[in-house]
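Everything below concerns the one structure shown next.
The values are calculated or read from the model by the stated rules, or taken from the named source; none is laboratory data. Just so you know, these numbers come straight off a predicted model, no measurement behind them. Neighbour counts are summed over all protein chains in view; Cβ atoms, including those assigned to glycine, are modelled from backbone coordinates with ideal geometry.
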Amino acid sequence: MYSFANKFALVTGAGSGLGLSYVRELLLKGVEGVTLVDLNESSGESVSAALNKEFGERVIFVRANVANLDQFEDTFQTSISHWKHLDIVINNAGVLDEEKWLKTIAVNCEGTTRGVHLGFKYMSKVKGGRGGIIVNASSIVGINHYYSAPVYCATKSFVIALSRAMGTSIYYEHTGVKVMAICPGITSTSMYNDILNNVLLSIVPTLKEKIAVDLKSASIQSVEPVAKAMVNIIQEDCNGSVWIAEGGEPPYKVELPTIEDLKKSPAT
């Protein structure tokens, strides 16, 4: 089983919510050091100080916008300069804003892709690294698409495809880096709490009311079981795998269908 001893991690979008819970769970599992990356400087500095008080000096904070390549690469350089090694990258930073959909794509697609490429660049065995694991944050709506957030759903499908394609043996055998994806179900975070303010009202003005009704029957989990699911996924160490973490239950791996699985009779 994968050991967290003498390992160092970098987690994006880690100033609050799921990202912060991932950092805490990694520390509880024995990771030696974590670089906490977030755009919100006050939040990042505050939670880093609190974690260092609780766990010892095992966290550093770096402010960065993952949609900015130079800023994002600086976080990797700072992390390795401080810890000397990097073994785990969790690309968690994400945005849900259907009206400002270019921003959603920039963070969720471009930011995650940058994180994957930088993870390979700085962890690859052929470039002086020790190999490592990249976990990309997708969502259950990347598989079961939901009308309330079409662009967000599309970006999370993108993350799954990216993770599966990069998580193939040809990349791992050359670099020693594995890639996986986690797909949380509905989770109590600021993104969820603010969802009604970020939907496509410019197209359907009554959309907020319809979604509000749907959410009344939704099963909402806390961040803690998702964080435990994250470390379980890392311990499973299964390259190219996609995992669902919903309802506060342990994660389960899904096998997505191929064209051959889906093929039906041809059109006439």
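Here F4 clears all of (1) part of a helix (DSSP H, G or I); (2) touching a residue at least 60 places away in the same chain (Cβ under 8 Å) except the condition numbered (1).
For segment 99-170, which fully contained helices (runs of 4 or more DSSP H) count at least 3 residues that are of a type in the set (G, A, S)?
Numbers: elements: 101-105, 112-123, 150-166.
Passing ranges, in order: 150-166.
Listed by first and then second residue, the pairs linking a residue in segment 58-84 that is closer than 15 Å to S48 by Cα to a residue that is modelled with pLDDT of 95 or more and among the acidic types (D, E), with Cβ atoms under 7 Å apart and 6 or more places separating them unless they lie on different chains, are R58/E32; F61/E45; R63/D38; R63/E41; A64/D74.
In contact with an Asp or Glu (Cβ under 7 Å, 6 or more places away or on another chain), closer than 25 Å to G33 by Cβ and among the small types (G, A, S): which single residue out of G132, G94, G128, G111 fits that description?
Numbers: G94 fails: in contact with an Asp or Glu (Cβ under 7 Å, 6 or more places away or on another chain); G128 fails: in contact with an Asp or Glu (Cβ under 7 Å, 6 or more places away or on another chain); G111 fails: in contact with an Asp or Glu (Cβ under 7 Å, 6 or more places away or on another chain).
Exactly one of G132, G94, G128, G111 is in contact with an Asp or Glu (Cβ under 7 Å, 6 or more places away or on another chain), closer than 25 Å to G33 by Cβ and among the small types (G, A, S), namely G132.
Quick check on this structure: which one of F61, F76 is more than 21 Å from K156 (Cβ to Cβ), in contact with a Phe, Trp or Tyr (Cβ under 8 Å, 6 or more places away or on another chain), buried (at least 20 other Cβ atoms within 10 Å of the Cβ) and not aliphatic (A, V, I, L, M)?
On the way: F61 fails: in contact with a Phe, Trp or Tyr (Cβ under 8 Å, 6 or more places away or on another chain).
After ruling out the rest, the residue left standing is F76.
Would you say S241 is polar (S, T, N, Q) and surrounded by fewer than 18 Cβ atoms within 10 Å (Cβ to Cβ)? Write out each step before concluding.
Numbers: polar (S, T, N, Q): yes; surrounded by fewer than 18 Cβ atoms within 10 Å (Cβ to Cβ): no.
No.
Just one of the listed residues (I203, I195) is crowded, with 18+ Cβ neighbours inside 10 Å and out of contact with any Lys or Arg (no Cβ under 8 Å at 6 or more places or on another chain), namely I195. The residue that is surrounded by the most Cβ atoms within 10 Å (Cβ to Cβ), counting only those in segment 213-235 that are of a type in the set (D, E, K, R) and under 19 Å from N92 (Cα atoms), is K228.
For residues in segment 25-58 being of a type outside the set (A, V, I, L, M, F, W, C) and within 15 Å of the chain's Cα centre (by Cα), which is surrounded by the fewest Cβ atoms within 10 Å (Cβ to Cβ)? So that I can check it myself, show each step before the final result.
Of the residues in segment 25-58, the ones of a type outside the set (A, V, I, L, M, F, W, C) are 25, 29-30, 32-33, 35, 38, 40-46, 48, 52-54, 56-58.
Okay, now just the ones that are also within 15 Å of the chain's Cα centre (by Cα), so 25, 35, 38.
Details: E25: 21, T35: 26, D38: 27.
Here the residue is E25.
Scanning segment 99-113 for residues that are over 15 Å from G142 (Cβ atoms) and touching a Ser or Thr at 6+ places or on another chain (Cβ under 7 Å) yields one hit, E99. Given the conditions (1) farther than 22 Å from G94 by Cα; (2) charged (D, E, K, R); (3) under 13 Å from the mean Cα position of the chain (by Cα), report the number of the one that K210 does not fulfil. Only one criterion in (1) farther than 22 Å from G94 by Cα; (2) charged (D, E, K, R); (3) under 13 Å from the mean Cα position of the chain (by Cα) is unmet by K210, namely (3). Please go through segment 90-119 and pick out each residue that is more than 14 Å from the chain's Cα centre (by Cα) and crowded, with 22+ Cβ neighbours inside 10 Å. Within segment 90-119, L118 is the sole residue that qualifies. The residue of segment 131-174 that is surrounded by the most Cβ atoms within 10 Å (Cβ to Cβ), among those that are under 16 Å from D87 (Cα atoms) and in contact with a helix residue (DSSP H, G or I) (Cβ under 6 Å, 6 or more places away or on another chain), is N136.
Taken residue by residue, segment 3-23 has no member that is closer than 22 Å to V116 by Cα, among the basic types (K, R) and within 18 Å of the chain's Cα centre (by Cα). If the condition is being closer than 19 Å to Y22 by Cα, among the hydrophobic types (A, V, I, L, M, F, W, C) and part of a loop (DSSP other than H, G, I, E, B), then segment 48-85 contributes A64, V66.
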